[in-house]
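In what follows, a single structure is set out as structure tokens and then discussed.
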């Protein structure tokens, strides 16, 4: 079953796309959107997780703006929306979803893409007991107005990061800095760099950016990582 629900927050209603597994396995994935909202691509990712037995929840992080979705050619319009969503708001939204659904962090993974990748990293710094976090090409972690790398010592969850070697939004010095800081903070992590892949390399809705071989490997590694750190209970 797939559906939209609405929950109340301190800043008004927030829509959440839910993809339910045919057979529940006692584990949840919070899917955090790219810069374009909870669009068909993100909904498809939620259903992908549901097919593997996860309850997948994709909150609309743009809910304060009144804008629910942008086209891929509206990147300029997305920038101020992203700029308005700092660490505290991201954390409030993720925690609000879990609290409303009565889901414990230790039965939850957070997986984010692009802007949502940075959001997943951010939420991981503020969610004790979280089972796992996966960051797909998240710019702005090490540099930018909402950089959160300085909060790495607060991460308790195992973390997997996927980065395209040709991604201009996450240049090599930032990749190295993330490695260094997470290592110094004793975070259980692996950061994987994919040769020939750029930004959004796992987004099959954007053929000019999609790197099929890298995407397939990244998804296989993500599934294995989640099965290890968030195994089914039933």
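Which pairs have Cβ atoms under 6 Å, sit 6 or more apart or on different chains, and link a residue in region 96-125 that is under 17 Å from residue 175 (Cα atoms) to one that is at pLDDT below 95 and in a helix (DSSP H, G or I)?
Here the result reads 115/82, each pair linking region 96-125 to a residue that is at pLDDT below 95 and in a helix (DSSP H, G or I).
Residue by residue through region 130-165, note down the ones that are over 17 Å from the mean Cα position of the chain (by Cα) and assigned to a loop (DSSP other than H, G, I, E, B).
Once the filter is applied, which keeps residues that are over 17 Å from the mean Cα position of the chain (by Cα) and assigned to a loop (DSSP other than H, G, I, E, B), region 130-165 yields 143, 144, 145, 165.
Just wondering, is there one or more residues in region 212-232 that are touching a helix residue (DSSP H, G or I) at 6+ places or on another chain (Cβ under 6 Å), under 22 Å from residue 167 (Cβ atoms) and surrounded by fewer than 19 Cβ atoms within 10 Å (Cβ to Cβ)?
no
May I ask you to verify whether residue 199 is touching a strand residue (DSSP E or B) at 6+ places or on another chain (Cβ under 7 Å) and assigned to a loop (DSSP other than H, G, I, E, B)?
yes
Considering only residues that are without any contact (Cβ under 8 Å) to a residue 40 or more places away in the chain and under 22 Å from residue 91 (Cα atoms), look in region 56-78 and name the one that is surrounded by the most Cβ atoms within 10 Å (Cβ to Cβ).
56
Identify all residues within region 166-193 that are over 12 Å from residue 139 (Cβ atoms), under 19 Å from the mean Cα position of the chain (by Cα) and outside any helix (DSSP H, G or I); write none if there are none.
Those that are over 12 Å from residue 139 (Cβ atoms), under 19 Å from the mean Cα position of the chain (by Cα) and outside any helix (DSSP H, G or I): 187, 188, 189, 190, 191, 192, 193.
As an exercise: evaluate residue 97 against (1) modelled with pLDDT under 95; (2) farther than 21 Å from residue 182 by Cα; (3) crowded, with 16+ Cβ neighbours inside 10 Å and give the number of the one condition it does not meet.
(1)
Suppose the filter is under 16 Å from residue 121 (Cβ atoms) and either in contact with a helix residue (DSSP H, G or I) (Cβ under 6 Å, 6 or more places away or on another chain) or free of Cβ contacts under 8 Å to residues at least 40 places away in the same chain (or both); does residue 179 pass it?
yes
Every residue in region 17-40 that is under 19 Å from residue 113 (Cβ atoms), in contact with a helix residue (DSSP H, G or I) (Cβ under 7 Å, 6 or more places away or on another chain) and buried (at least 23 other Cβ atoms within 10 Å of the Cβ), please.
19, 28, 29, 30, 31, 32, 33, 34, 36
Yes or no: residue 195 closer than 23 Å to residue 90 by Cα and at pLDDT 95 or above?
no
The values are calculated or read from the model by the stated rules, or taken from the named source; none is laboratory data. Because the structure is a prediction, the values reported are computed rather than measured. Cβ coordinates were reconstructed from backbone atoms using ideal geometry, including for glycine residues, and neighbour counts include every protein chain displayed.
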